[in-house]
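Below is one structure; the comments refer to it alone.
The values are calculated or read from the model by the stated rules, or taken from the named source; none is laboratory data. Computed from a predicted model, the values in this text were never measured in an experiment. Neighbour counts are summed over all protein chains in view; Cβ atoms, including those assigned to glycine, are modelled from backbone coordinates with ideal geometry. For accessibility, only protein heavy atoms count, side chains too; no ligands or nucleic acids. Shrake-Rupley method; radii C 1.70, N 1.55, O 1.52, S 1.80 Å.
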Amino acid sequence: MLRGSQEQQASPRIQEVPQSSWYPPSVVGSNSSRPSTPGSASSSDLNVQRPLDHSPSSSIGHVPPSEASSIIFLLKDKSVDELRKLLSDKDAYNQFLHSLDQVKTQNKVRDDLRNETLQLTRENLEKEPRILELRNQCRIIRTTELAAAQERLNELQMKKDETLKFYSPAALLQRLQEAKNKTDAESEALYNQLLEKEIDLNTFIQRYKKVRTTYHKQALTHLAAKSSIG
């Protein structure tokens with residue numbers, strides 16, 4: 001009779017997790033995750049804690065062993081009713097979850113990152129008017145000052161090309177040849193004027209000597225330049 005009365009007193013405590021539990025079926029649907037009788041404290045309490053083991057169906061299956069052991073240490077002193085409440089009451093579970101040091105650390109890191117991101121966003125937004133102003137200035141420079149500077153650069157480039165072409169060795173030789181030919185033609189013209197008696201002999205000698213001296217200088221310069229280039 002005493003044993004029967006003990007079983008009757010224990011039977012009200014053998015209850016399943018409410019069907020409205022927010023846990024996934026892999027957790028609440030397993031008999032191993034439901035507490036049995038108070039008399040089987042060792043097996044019952046261990047079974048209630050099974051959602052915190054390292055099995056694939058566990059909700060903390062990816063938690064490192066050191067962290068999992070610390071969580072189990074926090075759960076082992078809780079009563080069956082408290083554990084059952086964690087399984088069925090989402091608010092109770094969240095309160096317990098956010099009391100863990102690991103979760104507090106993660107939340108702090110998340111909050112710090114969020115605050116830093118918000119601060120950077122504010123700074124960027126504060127700089128936006130200045131960025132727009134600089135962008136407009138760049139556009140003005142590109143369409144006005146840059147265009148004028150580019151045109152001026154093109155002009156200078158053309159002048160440079162012309163100067164280099166004008167003072168190139170081939171151009172210098174060409175001008176020396178033309179000058180020599182012109183001087184030779186002048187001397188020939190003086191000779192014809194003498195023959196036609198357009199000038200007297202003294203005038204011819206003075207002018208002809210000067211022209212031929214210039215011609216020979218030009219001829220020697222042309223020859224030396226041609227030799228050095230060749």
*Mind checking which pairs have a first residue in segment 219-230 that is under 15 Å from Arg175 (Cα atoms) and a second that is loosely packed, with under 10 Cβ neighbours inside 10 Å, Cβ under 9 Å, 6 or more apart or different chains?*
Ile229/Ala170
*What is the number of the single condition among (1) open to solvent by 100 Å² or more (accessible area, probe 1.4 Å); (2) touching a residue at least 24 places away in the same chain (Cβ under 8 Å) that Leu172 does not meet?*
(1)
*Answer yes if at least one residue in segment 178-201 is open to solvent by 80 Å² or more (accessible area, probe 1.4 Å), part of a helix (DSSP H, G or I), in contact (Cβ under 8 Å) with a residue 12 or more places away in the chain and of a type in the set (Asp, Glu), and no otherwise.*
yes
